[in-house]
Amino acid sequence: MIKYITETTEYLISKGFKNPEIGIILGTGLGQLIDEINILHEVSYNHIPNFPTATVEFHKGKLIFGILENKKVIVMQGRFHVYEGYSLQDVTYPVRIMKKLGIHTLLVSNAAGAINLNFKKGQLMLIEDHINLQGSSPLAFKGVEHLGERFTDMSAPYNLDINSKFKTIAKNKNITLHEGVYASVVGPQLETRAEYRMLKTIGADAVGMSTVPEIIVANHLNLKAAAVSVLTDECDPTNLKPIDINEIIAMAEKAEPHMITLFKELIKNL
Ligand code: HPA
C-alpha cells in the first residue's frame with residue numbers, strides 16, 4: 001500500500017495539489033460547497049492512479065484543490081461506499097492520500113436517517129460518537145502497522161475542540177444542530193423495522209452507509225476529524241413508510257445552506 005500511496009501522491013502533487021491543510025468529504029446532495037471554493041485544480045477520480053473509480057451516477061467523482069476562507073482545502077466531491085462493491089481499504093484510500101499530501105484536519109458530511117425521533121428530517125446532527133456495523137475494519141489488513149498504530153485509540157474519534165466550535169457557530173447562526181451517535185451499516189438496502197428498533201436499542205441516533213470507515217482511518221493517521229449528518233428521513237418503526245431515494249436527496253439539498261454555513265465558519269476559525 002505504501003508504494004501505491006507514494007505513486008498517487010506524486011501524481012497529485014504534479015497536478016498542483018500542494019500542502020492542503022484541510023480535507024473535506026462531501027456526501028450525497030451536499031455538493032454546493034464547491035461553489036464557495038476558489039478552485040485551483042481538479043482531477044476526476046478515474047484519472048488518479050490507484051484510486052477506486054466512481055460508480056454511482058449522482059456522485060460526480062472529483063478531487064478538488066482550492067482556497068476556502070483563506071485555507072488550502074482538498075475536497076472529495078463524491079465518496080466511495082462499501083455498498084458499491086469497494087473494500088473498506090478502497091473506501092478509505094483517499095483519506096490516506098489527503099494525509100500524505102499534508103492535511104491536519106478531516107471534515108466529513110453525510111446523509112443519514114434519524115433514529116432518534118426527537119430529530120426531524122431536514123435538520124443537522126453533529127456526530128459525537130459512532131457504532132461500526134459494517135462487519136469489518138478498514139484497519140484489518142496485513143502491514144497496517146507500517147501506516148499507523150494498529151490498535152488505534154477510539155476514545156474520542158470526533159475532535160472535541162472542533163465539535164465545540166461547530167456548536168458555537170450553530171448557536172450564533174441560529175441553526176438547529178443536534179448531537180448524537182451515528183451507526184454505519186453496509187446498505188444499500190434500507191433498514192427493516194426490526195433493524196430500526198435494534199439501532200435505537202443499541203444507542204444510535206442516526207444511521208447511514210458511510211463516514212465511519214473514513215473516521216477510523218483519520219484516527220489511525222492522527223488527523224483531527226469531525227462529521228455532520230443531514231437527517232433525510234425519520235426512521236419510526238411503528239409508522240414506517242416506503243423510502244423514496246429522491247426524497248432523501250431532495251432533503252439533503254434542502255439542508256445544504258445550513259451545512260455550508262457551518263463548514264465555512266468552522267474553516268474560518270480553524
Ligand atoms: N438508513 C440508512 N442510510 C440512510 C438512511 C436510512 O434511513 N437515510 C439516509 N441514509
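Some points to look at:
- Residue satisfying all of: in the stretch 10-40; among the β-branched types (Val, Ile, Thr) and more than 16 Å from the ligand (Cβ to nearest atom); modelled with the lowest pLDDT among these: 34
- For the stretch 169-182, the criterion of being within 22 Å of the chain's Cα centre (by Cα) and among the small types (Gly, Ala, Ser) is met by at least one residue.
- Test: residue in the stretch 223-243 that is assigned to a helix (DSSP H, G or I) and either touching a Ser or Thr at 6+ places or on another chain (Cβ under 6 Å) or within 11 Å of the ligand (Cβ to nearest atom) (or both): no
- Single condition residue 201 does not satisfy, out of (1) free of Cβ contacts under 8 Å to residues at least 12 places away in the same chain; (2) buried (at least 18 other Cβ atoms within 10 Å of the Cβ): (2)
- Residue check, residue 187 under 26 Å from residue 256 (Cβ atoms) and in contact with a Phe, Trp or Tyr (Cβ under 6 Å, 6 or more places away or on another chain): yes
- When residues of the stretch 100-123 are limited to those that are over 21 Å from residue 206 (Cα atoms) and either among the hydroxyl-bearing types (Ser, Thr, Tyr) or surrounded by fewer than 23 Cβ atoms within 10 Å (Cβ to Cβ) (or both), the one nearest to the ligand (Cβ to nearest atom): 105
- Checking each residue in the stretch 244-259 for being under 18 Å from residue 126 (Cα atoms) and not in a helix (DSSP H, G or I) picks out only 255.
- Only one of 265, 256, 247, 214 that is away from the ligand (no atom under 13 Å from the Cβ), at pLDDT below 95 and acidic (Asp, Glu): 256
The values are calculated or read from the model by the stated rules, or taken from the named source; none is laboratory data. From a predicted model like this one, the values you see are computed outputs, not experimental measurements. With ideal geometry, Cβ positions are generated from the backbone for all residues, glycine too; neighbour counts draw on all protein chains shown.
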